[in-house]
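Worksheet: the structure to be examined is printed underneath.
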Amino acid sequence: MANNKSAKKRIQIAERNRLINKSYKSTVKTLTKKTIENCETYKKEPNKENENLVKTSLNKVFSLIDKSVKKNILHKNNGANKKSKINNFVKTTLTTK
């Protein structure tokens, strides 16, 4: 356990940052799953509305991943890999008919 005031404060800050980072990572996972679900609905029923839904959810995921990388929550290569996997999935979904 911490013995001085600054060490106690660092423990509090680390815990606060851990919760914020956990929130970002969780949201990235959730939005990724929603994007994949939207791709599945587009596969079942390919129309303009579902296509727009896929594109908007893809933009949201990309935006959040970029913000996470900028704030050093995710490593830049990890963020790039996540974006690449999601983009490849969406690309194959939208191009196959």
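Give the aspartates and glutamates reachable from Lys29 as a straight Cα distance under 13 Å; neighbours fewer than 8 places away on the same chain don't count.
Partners found: Glu37.
Looking at the calculated P(r) for the range 29-95, what percent of the C-alpha pair distances fall above 16 Å?
42
Among Lys22/Lys60; Lys48/Lys70; Lys8/Lys67, which pairs are too far apart, with a Cα-Cα distance over 26 Å? Can you show the working numbers first?
Working: Lys22/Lys60 18 Å; Lys48/Lys70 33 Å; Lys8/Lys67 29 Å.
Too far apart for the 26 Å limit: Lys48/Lys70; Lys8/Lys67.
No value in this document is a laboratory result; all are computed from the given coordinates. On a predicted model such as this, the values are computed, not experimentally measured, just so you know.
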